[in-house]
Structure formats: structure tokens, C-alpha cells
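The values are calculated or read from the model by the stated rules, or taken from the named source; none is laboratory data. Quick caveat, the model's predicted, so the values are computed rather than measured. So basically every Cβ, Gly included, is an ideal-geometry build from the backbone, and we count neighbours across all protein chains shown. Accessible surface is based on the protein model in full, side chains and every heavy atom, while ligands, DNA and RNA are left aside. Shrake-Rupley method; radii C 1.70, N 1.55, O 1.52, S 1.80 Å.
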Amino acid sequence: MKLFAKREITALESAAAQEGLPLSDMMEQAGQAIAREILNRWGPVAKKKILLLCGKGNNGGDGFVCARILAGWGANCTVLLVQGPPTTGLAQEAFLRLPKLPVIPWEAGREDILAHAQILVDCVYGFGFRGRLPEDMAALFRRANRLPCCRISADLPSGAVCDSGQADPDTFQAHVTVAFTGEKPAHRSFPAKGYCGETVVRQVGIPGALADAWETAAFVPQLSRAAQAFPSLDPQANKGDQGRLLLVCGSYGMAGACIMAAKAALRTGAGLVQVACPKDIYPILAPALPQAVFTVYHPKDLEEGGEALSQALKAASACVAGCGLGELAALVCPIVFRHCASPLVIDADGLNFCAKTGYDLTSLPVPVVLTPHPGEMARLTGRSIPEIQADRFFTAKAFADQNNAVVALKGAGTLVAQPHGRVAVNSTGNPGMAKGGSGDVLAGIIGSLLAQGVEAFQAAWLGVFLHGMAGDLCREELSQRAMLPTDLAEALPWVFQRLENWAKRQRIG
């Protein structure tokens, strides 16, 4: 599913206008869409007290159209001009078509005007908003958000930034957001997503063929796309054809991280999983991973150049480094980065090594996928976790561009950014996955896909999608609270069964 950034939706509307759809018609249909959503969701509007908060731009114009329609249906409508009279031609035209109804210029300190509204309609800022709310608007929305009434926003809640998912702390808190033409990045990216309530998409007249053909920089992977992206199995394939994944993971006290990553990699279809591990955890790993082969080292071996590890790196189709390495990362990572000859996933302590040493990731000659959670991203960037979480979209994109690496910034709505390219906003997964070990499972999935020849960006967003889908299946069977990261790998067969069933239906159809 496409996510339309500000410049993309603006260009799409201009293209539609050139094909004969006036912008005034789009505004008319947008206002109608809000009115119909109110009717469908909250029942007949006759005599209901509906207050429309209208800005000075075209978003306010949508509100004027909505007010006219609702008033025609018998609603007791009041228009509150929160930024003064309309200033755009389209909004002025819509304002002049208002029937006789109360139109009140708003003044700071008059938040009591909101008190009797049964439904509040937010038509203040549209996709052009950025930065922070002016204090008078913030005070208005704080008051609005405390009221026991129904709240609906036009296109985006006022205070949310379209392209980044940033949101002012006093952003209008909608129960429903009516997105015009298609969703925007803010509808899927936190913190803005948290202010949208339920997002519904309604069309405003732009031809479907035009919107379908439009390229967007951001998208939401869905089951159909995942099924098509996954490599099909050759009937004559052997284990060598399915890739050799090397896991450089695990240390004394953190053997479980390696086990979870390896089991996930095996369940994702890697032909051979090889584990490079310290000698002291081999007795733990060997019985837990009977399908794997092992390269066992002693820390002294690493100090002397790590010949066995170097040879394993050269033979691998892909490598995952970092899960549960602990202090060994200081010895292991330089060898991995020097000798890795295939796509590389850097996770956990591998990322912490990069943060501590300031390692130049652009020097790596192979495709790289980084899988930081917000804390690791904070260490990598020198910013705080709240700063990372407030600007997740652009943080992931900027770090990918700067380091020429695919970045999967984990969390609710995990973002996968391609360097100087597209961004995938994940829609699968749930809070039950927020447990230590979930990231190790994800690293194993992505590494397995890389080993099977999937391109780095596709392997990352596909891995994140599959990981979240496994989490959603675990939620259904085990509950969010009780599910464990080890359950995620065990759920992968049912994930792939769903993908294969979808593909089979397409072939039959």
C-alpha cells in the first residue's frame, strides 16, 4: 500500500486537475466524505451540536463544505474560525457558500466555546503542517482533547507532520481520521499515528488509475507483496542452492541469543546455518541446534587473527553478527568487518561496537542491514531515545543515507529505510513482541533471506513483515502477555503456509 508524502499528493492533485478535475471539486468531495463518515459512524445528525474547527487554508475549506452539508441534514452546526477568515481562493469560495449558521472568530481564552459540542470536526491544518503548534492552538486542542465528545479529523490530525510522523504533544486527538485519496506516512508512523484514532481512506475524485500509477517513496508491505517477494523453491534445489548463513553470535551468559537467531534462520529456509561461537558455549549450542554446523574458537584465537572465523566468513552467502556477543564484540567485529565477503546483518552488540568505536560503515564493501532498536539508534547517533522516537521516519532515512546501509529501526511500526531510496512502514506485529530475544529472531530471519539471495532492502522489509506476522499468530494462540520470542520462530511455518496458500490461490485463479 502506498503512502503519499506532501509533495507526492500535491503533484497527484495537480495531475488530476490537468486531466479535468477542478481542485474545487476535490474540496467538495472531501467535505462530503467527512460529513458521510460522521453520519455513518455516529448516526443521524439532525439537531446534534457539531462544532467545526476551521483553519485559514484549504483544510478549513473542507470544513466549510462539511458544515454546509451537515446543516442541510438538520445538524446544529457552528463554525469556529480558529485562524481568522479564509485566505485561499478555494476556501473563500467554500466559505461564501455557507448557509446561515453561527460563524465565530476564536480568541485565546475562549475554549469554553467547545463545551457543548457533541461532535468536534478538526479542519485546521492539513498535510502542510510542520514544526510546533502555536500556543493558542495548543491550548485549544488541549481543551478539545479533554472533552467527552466524538472527534474527527480531516486528512490528518492538526499538529501531525505528514511526511515524518512527528507530532506536537498537543496534537488534536481524533477518534477517526478521514484520509483523502490515500494514507500519508503520518497515518502509519508514531507518534502521529497515535493521534489518528482509526484511519479510513476516502476518495475525492482523483482517477484510480492515476493514483495507482503514481510512485511513492514510502509504502506499507502487505501479504500479497510479501508472497510475491519471497523466492520460490527450485524443485531440483539442494542445500547449497539455499544459501550458507554464518551466525557470529553468542557468548558466555548469552547463548540463547544465538539459539533464537539460528532457529529463526533455519525456519526461514537457509540451506545451511553455520555458527561461529566461543568454545565455552558450544556444549549449550550443539544439542539445541542439531541442524547447524559449528566453527568453534577461543578468544585467544581471535587475538591471533581468527583464521577459522576468517575462512568461515569467506565461505558464507550471508552473515549475521552481534546477537549476544557481549564483550567479545571488541574482538569479533573487526575480523567480521575485515573479512566478510557477503551481505551482512549487524545487530545488538555489533551495533554497540560501531557506536563505541565510531566505525565507518561506509567502508564495508558488502550490502549491510542494520537492525537497531531506539536505544541502539540513540547510541549510534548521539541523540536521546525521546528524540529518536519523536522523529523515527527521518532518523531511519537519514542514517541509511549517511551510512549507505539498509536500516530497520525497530519498534511499533518498524521502519525499513533504503539508502537514498524507499521506506517501508511495517504494519504487522504487536506489543507482545516487546521482550528480550525478539530482535535475535528478526536478525536470523533477515540473514536467512540474504543467504538465499534476496536483495538487502527487500530482505529487511520482508523479514520485518514475516517477524511481525509470526508475532500476530502467537498473539492469537498464546496471548500478547504470555507469548515468548522463542515462540516466534516456531510460528514461522504457519506464516509461510499462509504465503504459500496465497500464491497457490493466485495460480489457480
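Summary of computed values
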| quantity | calculated |
| --- | --- |
| Whichever residue in segment 261-304 is of a type in the set (Lys, Arg) and either free of Cβ contacts under 8 Å to residues at least 12 places away in the same chain or closer than 12 Å to SER448 by Cβ (or both) and, among such residues, is least open to solvent (accessible area, probe 1.4 Å) | LYS263 |
| Criterion (touching a strand residue (DSSP E or B) at 6+ places or on another chain (Cβ under 6 Å), basic (Lys, Arg) and buried (at least 19 other Cβ atoms within 10 Å of the Cβ)) met by exactly one of ARG68, ARG151 | ARG151 |
| Elements of type strands (runs of 3 or more DSSP E) contained in segment 64-124, each with 1 or more residues being touching a Ser or Thr at 6+ places or on another chain (Cβ under 8 Å) and under 19 Å from SER158 (Cβ atoms) | 103-105, 119-123 |
| Those helices (runs of 4 or more DSSP H) lying entirely in segment 169-256 with at least 1 residues within 30 Å of GLN497 (Cβ to Cβ), touching a Pro at 6+ places or on another chain (Cβ under 9 Å) and of a type outside the set (A, V, I, L, M, F, W, C) | none |
| Enumeration of residues in segment 27-41 that are touching a Phe, Trp or Tyr at 6+ places or on another chain (Cβ under 8 Å) and buried (at least 20 other Cβ atoms within 10 Å of the Cβ) | ALA30, GLY31, ALA33, ALA35 |
| Unique residue being under 20 Å from LEU114 (Cβ atoms), small (Gly, Ala, Ser) and open to solvent by 10 Å² or more (accessible area, probe 1.4 Å) when the list is GLY197, GLY205 | GLY197 |
| Among residues of segment 411-436, those that are over 18 Å from ARG188 (Cα atoms) and either open to solvent by 10 Å² or more (accessible area, probe 1.4 Å) or acidic (Asp, Glu) (or both), counted | 7 |
| Cβ pairs under 7 Å, 6+ apart, first in segment 478-491 and more than 13 Å from MET260 (Cα to Cα), second crowded, with 20+ Cβ neighbours inside 10 Å and of a type in the set (Gly, Ala, Ser) | GLN480/GLY432; ARG481/GLY432; MET483/GLY432 |
| Residue that is farthest from LYS314 (Cα to Cα) [pool: residues in segment 256-277 that are out of contact with any strand residue (DSSP E or B) (no Cβ under 8 Å at 6 or more places or on another chain) and not basic (Lys, Arg)] | GLY256 |
| Verdict on LYS314 being crowded, with 22+ Cβ neighbours inside 10 Å and either touching a Ser or Thr at 6+ places or on another chain (Cβ under 7 Å) or of a type in the set (Lys, Arg) (or both) | no |
| Residue within segment 25-43 that is assigned to a loop (DSSP other than H, G, I, E, B) and either over 27 Å from ALA217 (Cα atoms) or without any contact (Cβ under 8 Å) to a residue 40 or more places away in the chain (or both) present | yes |
| Given (1) assigned to a loop (DSSP other than H, G, I, E, B); (2) crowded, with 18+ Cβ neighbours inside 10 Å; (3) within 15 Å of the chain's Cα centre (by Cα), index of the condition ALA408 fails | (1) |
| Residues being farther than 19 Å from ALA408 by Cβ and surrounded by 17 or more Cβ atoms within 10 Å (Cβ to Cβ) - total across segment 215-241 | 2 |
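Listed here are the residues, each with its yes/no results for (1) open to solvent by 10 Å² or more (accessible area, probe 1.4 Å); (2) modelled with pLDDT of 95 or more; (3) under 21 Å from GLY413 (Cβ atoms); (4) out of contact with any helix residue (DSSP H, G or I) (no Cβ under 6 Å at 6 or more places or on another chain).
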{"residue": "ALA443", "(1), (2), (3), (4)": "no, yes, yes, no"}
{"residue": "GLY468", "(1), (2), (3), (4)": "no, yes, yes, yes"}
{"residue": "CYS474", "(1), (2), (3), (4)": "no, yes, yes, no"}
{"residue": "ASN501", "(1), (2), (3), (4)": "yes, no, no, yes"}
{"residue": "GLN506", "(1), (2), (3), (4)": "yes, no, no, yes"}
